Structures are given as structure tokens and as C-alpha cells.
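Right, one structure below, let's go through it.
The values are calculated or read from the model by the stated rules, or taken from the named source; none is laboratory data. Quantities reported herein were computed from a predicted structural model and do not represent experimental measurements. Note that each Cβ is placed from the backbone with ideal geometry, even for glycine, and that neighbours are counted across all protein chains shown. Ligands, DNA and RNA are stripped out before the accessible areas are found, and what is left, the full protein with its side chains, is counted by its heavy atoms. Shrake-Rupley method; radii C 1.70, N 1.55, O 1.52, S 1.80 Å.
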Amino acid sequence: SPGEPQAPFSLPPPRWPVECEVIQETIEHIEWVPPKPEPFCPPMGPEQALHTLGEEQGTVVYHSSPALQGSCFIRARVGGAPGPLSSPAAPLEGPQDTTLLFESRFESGNLQKAIKVGPYEYVLMLRPDLYTAKHTQWFYFRVQNTRQEPLYRFTIANMAKPKSLYGQGLQPLLYSQRDAQSHGIGWRRVGTDVRYYRGSAGEPPMFRLSWTVRFPHDGDTCFFAACYPYTYSDLQRYLRALAADPARSRYCAVQALCRSLAGNTVHLLTITSPGGTAGKRAVVVSARAHPGESGGSWAMKGFLNFLLSAHEDARLLRRLFVFKVVPMLNPDGVVVGNSRCSLAGRDPNRAYGMALPSSFPGVWHLRAMVQRVLAEREVVLYCDFHGHSRKNNVFMYGCDAGVDDTGTRLHQRVFPLMLSKNAPDKFSFSSCKFQVQKSKEGTGRVSMWRLGVSHSYTLELAFSGSTLGGRSSHFSVEDLESLGRLLCDTLLDFCDPEPAKLQQCLVEADALLQRQMGREPGSGGSWSDVSPSELESSTSGSDSSVSDG
């Protein structure tokens, strides 16, 4: 419990499947916020495909593919594959050789192959999620031997999703080690002529992401990524600092919820003011069920930073509630650089309905923990942080059962509506959806709602940024962290004993739904018998690709 002496906090290094080679270098990046928002780039349009040479016309300059022993996970160890490392990158022929040196055998890295098809042009292949043949979306890799003058083109040739925000102005991220060391500059948006289009005509079809870029320096070490990386080791460092802080550790206890398939700890934080929990309601928050959605970890960091601060609102929240926080549900997927799956080769956010602790320990133990908490106190809110690759802004998915109870259905919409008022330049209430589709029964949001958590949500943070409040720009790390703090603000509004804000939002939600039905607000018509699917014109739902089935 918070306030009680905690055992010495040991954080062993990450455990990897034994098939995975891992370089010895420690990869760390500085945190940096650009001085002004980074605007979206002008979209090129999805139909403007490029003619790019294929592997047969080029030279493979990097190839790293784990020799998977069969089709399922067997064993893990610290440091991954034993023995000396192979050399997946082609050696340079001399100082005049301008070939880039690629590497991704580090935490959260994902690059399987690089093919040089021109002096400064490369076709890249991402590694599918381990023990699957699909889910290629997340990327994170290193390049060395850069040249400042030429314009390079990179084309990732095996993206899985038919649509992407890369077709609407999203740019990849670049990190220059020299700029970080010399100028304190971290991850930044780069890329001109960014295109996303259908590539191969096979089944399933593959899609291509292509961009051009100039590197800032000769002979630099640079990284590209789909979103700001946040690794399992980043979380471990954060928790180590937290445990070493005598002030914050007074009201935060860190323990193991369970171990992952590879033996990595799934951490559980219990946060509340010291002196007992009698009469307190609970709030449950989780993130990184999907490892490629790293924005969820930055929002989680902002949430924890605020909740553990000395701010008077943070102190009030700790007095009112017991917070149960699982900051990284799928550490194995984060470690190996998966986009969506755990080492079970399946999407853990479709597995809450399965009684399989041995296959999906994180989600199984989270659900069991919530059941135990519900037996002793009300859980006022469950929120699971995710990322979205096809819709801009931040929004939520909730649970509207369509029961003939207007009050209950309105209450489902109040928390997201309040959050949209607290974050008007980031959060889009009109993008929120509340329909419970059959294919989403195995998600954390629906599973917790079925257990009895009446306000259960998925918080979706776009990979791109915001189109609201006069913005048309990418999210920075600061933007993502601010969503965690704003969630805390909204929780206080939502649970305010003075009912004025709640009543105002109930009236506003009713008026919005009346308009959706084509009625005049205040006309007295009821929509309580209208199904959720009729209220929502689109059922595109979450950011899942093809169902895991």
C-alpha cells in the first residue's frame, strides 16, 4: 500500500525471445519540444503512386530476420539470442562508399530488410509482428554514414493498412544524434513528397509509404520512427526514479501485476493518499496493449506526472480515489517492436473474454484485478490509452447498450464531452463513438463495462496531430503528455459534488443527439428507442486492421 515501506526496487533488463539478436548499445533519446507546432505537410494524394524499383533490380544492404523456431514463442532470455551477433548490414567498400548502414536490433526496433535501388534511394521491408505474417505499421530504425547534400528517398513497401494519416499530411519522425548532442534538438517531423499508396496486387494487398528527406549532417547517426518511441526500458527508468523519490513514493506503490510470456514484469501502480482507503472510489487506467501505439505511453507519463505532483488538484484526486494504473500491458510486444500483438501472436485487446492467463497474462490479470476491486468499492472510470493511424485529433470510444434509458445513455457521453471542453484544441467529441460492436466484445473497454464499470472508455490519440482550434499541426510529446493531465482535470469535473457542470453537459449531450436525429433541440422528441448504430453514421470503430479471428 502507498505510505508503507517498499522492498528494494529491482528492474532487470528486458527479456527477449531467444530467436532475436540484440545489439549491446543502449539507445536513449532526449525529450524535446519544438519551439512552434510542426504543421502537416501538403498531402500528395493516395492515387499518385511512384514507380520504384524492386528487390530484383537493387542490392540488399541490410537483412535481419529472426530464425523463428516454429510458429510460436518458446523461450526468452536477457539479451536475446546467445552467441556472437551476425552482420546483417553490407560492409562499406571504403570512405567514398555512400551506402547507408541500417540497424534495428534494439528495443522497439523494427526493420527487416533494406534494398538499395539507386544512389540515394532505398526500399524497406518491416518485420511483421513476431509469430504472425501481418500487422506491419510501426517502424523504428537507425541509419549511419549519412550525407548532408543529397535528397534521399525511402519507401516502406509492406505497410498493412489501406488508409493512413500519411495520406493526409502526417510526416515521419527523424532524430539526429549530432543535433541532440550539440543543440539539444530531439525528434522532429521531416519528409517531403510523402505518399501512401497501394503497392503489390497480391493478397493481402500491401501498401507503400514513401518520403524524401535530407539529413542534417555528414557522417551522422540518425533514427526514423512512426511515433515518438517509448520503450520498456524507458518505463523502467521512470519507475526507478519514482521509487527513489521519497515524496512521490509515499502515495505510490509499485508492484508486479504479473509476468509476461517472456518473463518481463507487467507493473501495477497503486496511487492514493496515505491513511487508508475506506470510502474511496477507484479509477483504473492502462496503456500499451498495442505496442506500436507509443503515444499512449506519453499520455500515461503526463497522467502520472500530474497525479503524483504537489498540485492541489492532484492532492484532491489522491484523497478522493484509489488509482490502479498499468502503464504497459504488453511489454513483450514493446520490447520486440511489434505493432499490435503480444508474443502469443494475437491482439491482446481482443482477448479479455478468454480465460487464458497463460497466453494473455497482462489482460487476464488486469481483468481479475478489476473484479477484486469491484468487490470492495465502485470503479468510477476505466480508461485504456491507444493510438490511431487513420483519424486526426484525440477522441474516445465508450459503451452505449441502446437500453431504453435516456439518462444512462446521456451519462456515457458526459465524460468525453467534458474532456473536449478541457482540451478544445486537441479533443474531438464529434469523433467519439459509443456503439458496442460484436467484434469489440474482447476489448478492455467492453469487458470492463460488462463487469460493471459504468464509464469505460478507450482514449484514442492520433499518430498525427490536431485539426481543431485553428491548428493543423502534429502532436508534440508535450501535447500527448498534456492529455494525461487534462484527463485528471476532467475526472474532477465529472465527480464534482456541485452538479452544475454535469447538468450542463447532460443538456448539451441531449441537444447534440437530437440534432444527429434531425430534430430541433428542445422539441421534446425522445431518442431513447434509437439504436446506437442509427445514432452513428459510421461504424469504422477502432484502429484494428483485419480481425485476428
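Over region 19-226, what is the relative contact order in whole percent, taking alpha-carbon pairs under 8 Å and six or more residues apart?
Working: 423 pairs, mean separation 52.7, N = 208.
Relative contact order here is 25 percent.
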Seminar exercise, completed: FRET efficiency for residue 507 and residue 531 from the Cβ-Cβ distance with R0 = 22 Å, rounded to 0.05, comes out at 0.45
Exercise. Within straight cross-link reach of residue 280, meaning Cα distance under 16 Å, which lysines are found once same-chain residues fewer than 8 apart are removed?
Worked result: 324
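Percent antiparallel among DSSP beta bridges with both residues in region 250-517, to the nearest 5?
Values: 16 of 38 bridges.
Taking every DSSP beta bridge within region 250-517, about 40 percent pair in antiparallel fashion.
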Seminar exercise, completed: Distance in nm between residue 358 and residue 30 label points, each 7 Å along Cα→Cβ, equals 4.9
Problem set entry | Computed FRET value (nearest 0.05) for residue 200 with residue 496, which takes r as the C-beta separation and R₀ as 51 Å | 0.40
For this session: Rounded to the nearest Å, what's the spacing between the alpha carbon centres of region 424-466 and region 140-158? Just the number, please.
Result: 36
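Which of the GluC sites (Glu not before Pro) across region 284-380 are loop residues per DSSP, with 13 or fewer other Cβ within 10 Å? Mind dumping the intermediate values first?
Working: sites: 293, 312, 376, 378; in loops: 293, 378.
Within region 284-380, the qualifying GluC sites (Glu not before Pro) (loop, at most 13 other Cβ atoms within 10 Å) are 378.
How high is the relative contact order of region 250-517, in percent, with contacts defined as C-alpha pairs under 8 Å that are six or more residues apart?
Values: 542 pairs, mean separation 61.3, N = 268.
Computed value for region 250-517: 23 percent relative contact order.
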Exercise. About its Cα centre, how strong a charge dipole does the chain have in debye, to the nearest 20, once Lys and Arg get +1 and Asp and Glu get -1 at the Cβ?
Worked result: 700
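Between residue 185 and residue 93, take the C-beta separation as r, use R0 = 30 Å, and let me know the FRET efficiency to the nearest 0.05.
The formula returns an efficiency of 0.40 here.
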Exercise. Given a 1.4 Å probe and every protein chain left where it sits, what share in percent of the accessible area of the chain is carbon and sulfur?
Worked result: 51
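Fully extended, how many nm does the chain gain between residue 478 and residue 515 (0.36 nm per residue separation, minus their Cα-Cα distance)?
Values: separation 37, 0.36 × 37 = 13.32 nm, distance 3.49 nm.
Extra length from residue 478 to residue 515 when fully extended: 9.8 nm.
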Exercise. Helix 232-243: angle to the longest alpha-carbon principal axis of the chain, degrees 0 to 90, nearest 10?
Worked result: 50
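Could you work out how much longer the chain between residue 378 and residue 78 gets when fully extended? Use 0.36 nm per residue separation minus the Cα distance between them, nm to one decimal. Present the calculation step by step, with values, prior to reporting the outcome.
Values: separation 300, 0.36 × 300 = 108.00 nm, distance 3.99 nm.
Contour length minus the Cα-Cα distance gives 104.0 nm.
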Exercise. What residues qualify as long-range amide H neighbours of residue 267, i.e. H under 5 Å apart, gap of 5 or more or another chain, H built at 1.01 Å from N?
Worked result: 257, 328
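Using the heavy atoms of the protein chains alone and a 1.4 angstrom probe, what is the accessible area of region 19-226 per residue in square angstrom?
Details: 9570 Å² over 208 residues.
Computed with neighbouring chains in place, this is 46 Å² per residue.
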Exercise. For region 133-144, in order, what is each residue's ³J(HN,Hα) by Karplus, 6.51 cos²θ - 1.76 cosθ + 1.60 with θ = phi - 60°, in whole Hz (x at glycine and Pro)?
Worked result: 10, 8, 6, 8, 8, 5, 9, 6, 8, 10, 10, 10
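Given the chain, what percent of its DSSP beta bridges are antiparallel, to the nearest 5?
Values: 55 of 81 bridges.
Restricted to the chain, the bridges split so that about 70 percent are antiparallel.
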For this session: Quick one: compute the contact order of the chain, relative version, from alpha carbon pairs under 8 angstrom and 6+ residues apart, as a percent.
Result: 15
Exercise. What residues from region 106-143 fall in the zone where the backbone N is under 19 Å from a label point 7 Å along the Cα-to-C-beta line of residue 149?
Worked result: 118-121
